[in-house]
1. Expected output is a single nm value to one decimal: the length gained when fully extending between Arg4 and Ser90, i.e. 0.36 nm times separation in residues minus the C-alpha distance. What is it?
2. To the nearest 10 square angstrom, what accessible area does Glu18 show with a 1.4 Å probe?
3. Under a point spin-label approximation (7 Å from Cα along Cα-to-Cβ), what is the Val76-Phe13 distance to one decimal in nm?
Amino acid sequence: QRMRLHSAIFELFGTLWEAVSNEADLLSSSAYEKAELAHQIRNRLQGLMGQHFKQGADAQRHYGIDDIAAELGISVSHCNRVFRNVYGISPRAYLSGLVLHEAKL
């Protein structure tokens, strides 16, 4: 009986380990997708700055985080949350830093 009990416990541990491993794989792919989304947001913010300063974009046209989120098909809050998780600052703070850097140049 003791051997059967040990066998059942090891089988239970094996099943639990398999479940935890599958969960970890899903989380890591989700983290990759979020990082990729944050990089897309960053690239669009940088493109926005390049367009605004180098091509002399119309000052009346407001293009910002709301428009980027809409283009990517996500909500503004999700855009902010993903960007902050990857870069540690909000997209607006990042954009302000880009503006300040370009103004200094």
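1. Numbers: separation 86, 0.36 × 86 = 30.96 nm, distance 5.60 nm.
Difference between extended and current length: 25.4 nm.
2. 120 Å²
3. 5.3 nm
The values are calculated or read from the model by the stated rules, or taken from the named source; none is laboratory data. None of these values were measured; they are calculated from a predicted model. All Cβ positions, even for glycine, are placed from backbone atoms using ideal geometry, and neighbour counts span all protein chains on display. We work out accessible area using only protein heavy atoms, side chains counted, and drop any ligands, DNA or RNA first. Shrake-Rupley method; radii C 1.70, N 1.55, O 1.52, S 1.80 Å.
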